[in-house]
Structures are given as structure tokens and as C-alpha cells.
Amino acid sequence: MTNLNKPVVIIGAGPVGICLALYLAQKDIRSIMIERLDPQTFLDQEPRAGSIHPATLEMLDDLGLYERMERRGLIAPTVQYWDRETDSIFAEFDHAVLKNDTRFPYVLQCERTKIIDEAMQVLRETKMCDVRMSTEFVSFTQNEKGIEALITDNAGNEERISGSYIVSAEGGRSIIRKSLGIEFEGYTYPERTLTVAVCYDFDKAHGYAYRNYLSDPEQWSNLFKWTQPERWRVHFPTDIQDPPEKVLSDEYIQTQLQRFLPRDQPYEVVHRTTYTVHQRIASTFRSGRAILAGDSAHVNSPIGGMGMNSGVHDAINLGQKLCDILQGRTSDEVLDRYSRQRRHVAVNHTKAQTERNKKLLAEKDPAVRKKNHDQVKRTAEDSKLCREFMLRTSLINSVKEAAEIL
Ligand SMILES: Cc1cc2nc3c(=O)[nH]c(=O)nc-3n(C[C@H](O)[C@H](O)[C@H](O)COP(=O)(O)OP(=O)(O)OC[C@H]3O[C@@H](n4cnc5c(N)ncnc54)[C@H](O)[C@@H]3O)c2cc1C
């Protein structure tokens with residue numbers, strides 16, 4: 001029998017862990033959140049997610065976060081698809097086509113660190129979550145009554161904490177997933193992606209929208225605007241054989257940027273980093289009292305901006321079920337439903353869509369490229385096809401489909 005009075009233990013204060021803790025807090029359920037990062041440097045993290053899709057904006061609004069984030073973000077109503085060979089737009093989608101489907105017919109460009117900053121402030125105000133920063137989760141055990149987790153602070157002091165359930169929101173390297181022997185099925189792309197933050201007005205210089213996908217048989221890329229004043233991020237694939245020192249060098253980066261958009265001066269680069277991209281999904285999202293959410297359950301290519309979005313959807317779905325269990329309305333068998341629902345989305349939406357995006361941008365065969373571009377162009381120009389496409393990319397369909405899974 002679950003001890004209903006024990007808190008939910010959440011490992012990881014990324015967007016998924018914090019949104020889950022906030023959802024539970026707003027339903028009067030206590031949690032303990034363990035985060036290894038130091039509070040002083042917590043927000044100095046490598047730039048990652050930032051495009052928030054309509055379905056997620058609705059969830060964040062329900063948590064009371066939307067207005068705070070809109071103040072710190074940029075509204076991006078459109079997304080453009082460019083052919084770099086001809087330097088022209090082959091399709092442009094406007095989220096306005098979703099105006100009857102969502103309260104937020106646009107994407108909000110708001111970086112992950114701003115989301116966790118705002119969400120953490122609101123969470124702390126609830127006083128329902130014991131947030132332990134500079135604390136490392138080490139291991140856990142579970143039995144029919146609850147879980148016990150071993151944690152250590154940065155002075156090496158060990159502590160055992162107990163809870164009703166443990167949620168792994170630890171990111172892709174989840175200790176919980178590994179210790180349970182849950183397979184992380186999938187593959188890793190044989191390339192490393194270079195991300196460069198640039199201070200330059202790409203819109204004024206070349207007519208780019210705030211969100212751009214660029215197809216190129218030699219070097220696909222993505223270009224996004226993040227903040228005012230002009231801060232844009234460009235992503236390029238690089239050869240996995242090239243050492244990081246080379247791809248992070250000024251010379252290499254300036255060459256890529258000049259090829260991307262030639263100009264007579266060097267670009268002002270304000271940040272640079274590389275990352276490896278995986279497509280992996282856990283074989284189950286639940287084992288007893290341990291539940292996986294966000295990157296610990298699924299990692300995918302960032303092309304399409306779906307990882308954090310679908311992770312936040314996991315958090316809300318899981319939060320609803322934990323409330324029902326801990327407030328005595330249902331048994332914890334609903335956690336198997338969580339696993340079925342959210343795994344279905346990870347396989348059939350997040351993975352499928354991001355793989356399609358990658359293929360569209362990286363295709364080398366000229367005939368296949370042309371066929372693909374023509375198809376996307378036709379989709380953008382046909383209002384019915386366009387709406388169907390946008391319902392998928394904005395993750396509205398994934399939420400509806402998950403709700404139908406028993
Ligand atoms: C370049 C890039 C761009 C991206 N762009 C987008 C985008 O536009 N839209 C989108 O939806 N997604 C995007 N993503 C993906 C997105 O960043 C992730 O899906 C998202 O951050 C996952 O959130 P999470 O909370 O599950 O995990 P994380 O954000 O990884 O957070 C996990 C937290 O757990 C902590 N932790 C880990 N292990 C321990 C431990 N043992 N003890 C204590 N604490 C621990 C970590 O310190 C961290 O704070 C992008 C990713 C990359 C790399």
C-alpha cells in the first residue's frame with residue numbers, strides 16, 4: 001500500500017522536473033527535487049531548447065507561466081523552409097492557420113534557462129517543493145510502500161530520503177533508467193552538430209524569419225532568432241572525425257558563417273558549442289514506483305524543437321496521474337497507461353517528425369530533394385494540408401492521440 005503522505009521524489013531540475021513539481025504543488029502534493037547544479041551557476045547552462053510550440057504554451061499557461069515567459073521571449077508566427085542551393089524559400093508556414101485550434105497560434109522563442117528560471121521562482125512561492133541544489137542523486141530502492149533514494153551534498157555528506165514515487169527527470173544519462181536495466185533503444189547520428197550564437201540581424205540582411213530550416217545537400221542548417229537585441233543561433237553538421245578544437249575555432253566558424261551568408265566583415269560570435277544527436281526511446285517509461293520523463297525517457301534530434309516540448313507534456317500527463325493516485329482516486333496501474341501514452345508519442349510523433357525533418361534538410365539526391373521540396377511547398381499552399389501539418393508540428397495532434405490510448 002502506497003504511503004500517500006510521502007512526497008514524490010523528482011531527480012533533476014530541468015524543464016521537465018520543475019514543471020512536474022509545479023503541477024503537483026498546485027494540486028497540493030509535496031515533492032522533493034534533487035539537482036546537482038549549484039544555485040549560483042544554475043542558469044549558466046549551455047544553450048539548448050527554446051522553441052515552445054502551441055500545445056506546450058497552453059500547458060505552461062495553465063501552470064501560470066505563460067505571461068512571464070512571453071515577457072522574456074519572442075513570438076514567431078511563421079517558419080520558413082529554405083533551399084540553400086538556390087538561396088530561396090520553398091515553403092513558409094503561418095501558425096495563424098491554427099487560430100481555431102489553440103489559444104496560442106504561434107511558437108514562442110524562449111530559451112530553456114529562462115523557462116527554468118521563471119518556473120523555479122513560481123515553484124518556490126508554493127512552498128510545496130523541497131528543492132535541494134548542489135545535491136547528487138546516487139541510487140534508489142523501492143518496495144510496496146514507497147521508495148528510498150541515496151543522495152549526497154557537495155561536501156560528500158550522504159542522506160537517505162523516502163518518498164511515494166521517484167521520477168527520473170535527470171536527462172538522457174538517467175541513472176534510474178540504467179539501474180533498472182531499461183533498454184534505451186535507437187541510434188546516434190554519425191556527426192556532431194555545431195551551434196553558434198551570432199550577433200547579427202539576419203532578418204534585415206536577408207529576410208529570414210525568426211525560425212528557418214535550411215535544406216542543403218552539402219551542409220543543412222537551422223537558423224533561429226532567440227532574443228532582442230539581435231541574437232541568432234545557427235546549427236551546422238560537422239564531421240565526427242574533426243576534433244572539437246577544429247570545429248570550435250574562429251577560422252572554422254567564420255568560414256561556415258561566410259558560406260552561410262557572405263558579408264564583407266567577420267561575424268560577431270557570442271557563443272559556440274557542439275553536441276551529438278541521438279534518437280533513443282526507453283523500452284518502458286515505468287518500472288514499479290520509478291517513472292521516466294523527458295530526456296531520460298526519450299532523446300531525439302533537435303530539428304523541429306520537440307524534445308523539451310514533449311518532455312513537458314510527459315510532466316503534465318504524469319502529474320495528473322500521480323495526483324489521482326496520491327489523492328486516492330485511482331490505483332497506480334494508471335502509470336502503465338502513462339508509459340503507453342507517452343511512449344506512443346515519442347515513437348510516432350517526436351521521433352517520426354524529427355527524422356522526417358532531418359531527411360528533408362540533409363537529402364543529397366537531386367531528384368528526391370526536388371520531390372520533397374515540392375511536397376512541402378504544396379502542403380504550405382493548401383490550407384487543409386497546411387493545417388494538418390501544423391497540428392502535427394505544434395504537437396496538438398500528439399496530445400489528442402495520447403488521450404485516446406487506454
Ligand atoms: C542544441 C539543442 C537545441 C534544442 N532545442 C530544442 C527546442 O527548440 N525545443 C525543444 O523542445 N527541445 C529542444 N532541445 C532538447 C531539450 O533541450 C531537451 O529535450 C530538454 O532540455 C530535456 O529536459 P529534461 O528536463 O528532461 O532534461 P535536462 O534539461 O537535461 O535536465 C536534467 C537535469 O537533471 C540534472 N541531473 C542529472 N543527473 C543528476 C543527478 N544524478 N543528480 C542530480 N541532478 C541531476 C541536470 O543537472 C539537469 O539540470 C534541444 C537540445 C539541444 C541539444
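A few notes on this one:
- Failed item in (1) within 14 Å of the ligand (Cβ to nearest atom); (2) surrounded by fewer than 16 Cβ atoms within 10 Å (Cβ to Cβ); (3) part of a strand (DSSP E or B), with residue 185 passing the rest: (1)
- When the test is whether a residue is farther than 17 Å from residue 16 by Cα, touching a residue at least 24 places away in the same chain (Cβ under 8 Å) and away from the ligand (no atom under 15 Å from the Cβ), residue 322 does not pass it.
- The set of residues from the stretch 14-55 being over 18 Å from residue 313 (Cβ atoms) and either crowded, with 24+ Cβ neighbours inside 10 Å or within 9 Å of the ligand (Cβ to nearest atom) (or both) comprises 31, 33, 34, 35, 36, 37, 42, 45, 46, 47.
- In the stretch 95-133, the residues that are among the acidic types (Asp, Glu), farther than 24 Å from residue 153 by Cα and not in a loop (DSSP other than H, G, I, E, B): 118
- Selected residue [surrounded by 16 or more Cβ atoms within 10 Å (Cβ to Cβ) and out of contact with any Phe, Trp or Tyr (no Cβ under 7 Å at 6 or more places or on another chain)] from 156, 207, 171: 171
- Residues satisfying the stated conditions in the stretch 318-337, i.e. within 21 Å of the chain's Cα centre (by Cα) and surrounded by fewer than 22 Cβ atoms within 10 Å (Cβ to Cβ): 320
- Some residue of the stretch 237-258 being surrounded by fewer than 17 Cβ atoms within 10 Å (Cβ to Cβ), part of a strand (DSSP E or B) and away from the ligand (no atom under 14 Å from the Cβ): yes
- Residue 91 away from the ligand (no atom under 12 Å from the Cβ), touching a strand residue (DSSP E or B) at 6+ places or on another chain (Cβ under 7 Å) and outside any helix (DSSP H, G or I): yes
- Given (1) touching a residue at least 12 places away in the same chain (Cβ under 8 Å); (2) farther than 28 Å from residue 402 by Cα; (3) of a type in the set (Asp, Glu), index of the condition residue 87 fails: (1)
- For the stretch 364-386, the set of residues classified as among the charged types (D, E, K, R), within 29 Å of residue 281 (Cα to Cα) and either at pLDDT below 95 or surrounded by fewer than 17 Cβ atoms within 10 Å (Cβ to Cβ) (or both) consists of 364 only.
- Restricting the stretch 276-293 to residues that are of a type in the set (Gly, Ala, Ser) and assigned to a strand (DSSP E or B), the residue that is surrounded by the fewest Cβ atoms within 10 Å (Cβ to Cβ): 287
- Qualifying positions in the stretch 210-231 - away from the ligand (no atom under 15 Å from the Cβ) and either buried (at least 20 other Cβ atoms within 10 Å of the Cβ) or at pLDDT 90 or above (or both): 214, 215, 216, 217, 218, 219
- Checking each residue in the stretch 352-406 for being under 20 Å from residue 301 (Cβ atoms) and small (Gly, Ala, Ser) picks out 352, 362, 394, 398.
- Restricting attention to the stretch 1-57, the residues being hydroxyl-bearing (Ser, Thr, Tyr), assigned to a loop (DSSP other than H, G, I, E, B) and within 15 Å of residue 113 (Cα to Cα) number 1.
- Of everything listed in (1) away from the ligand (no atom under 16 Å from the Cβ); (2) assigned to a strand (DSSP E or B); (3) of a type in the set (Asp, Glu); (4) farther than 30 Å from residue 260 by Cα, the single unmet condition for residue 136 is (1).
- Residue count, the stretch 259-275 (criterion: of a type in the set (Lys, Arg), part of a loop (DSSP other than H, G, I, E, B) and in contact with a strand residue (DSSP E or B) (Cβ under 8 Å, 6 or more places away or on another chain)): 0
The values are calculated or read from the model by the stated rules, or taken from the named source; none is laboratory data. This one's a predicted model, so the numbers in the text were calculated from it and none came from an experiment. Glycine gets a Cβ as well: all are built from the backbone with ideal geometry, and neighbour counts include every protein chain shown.
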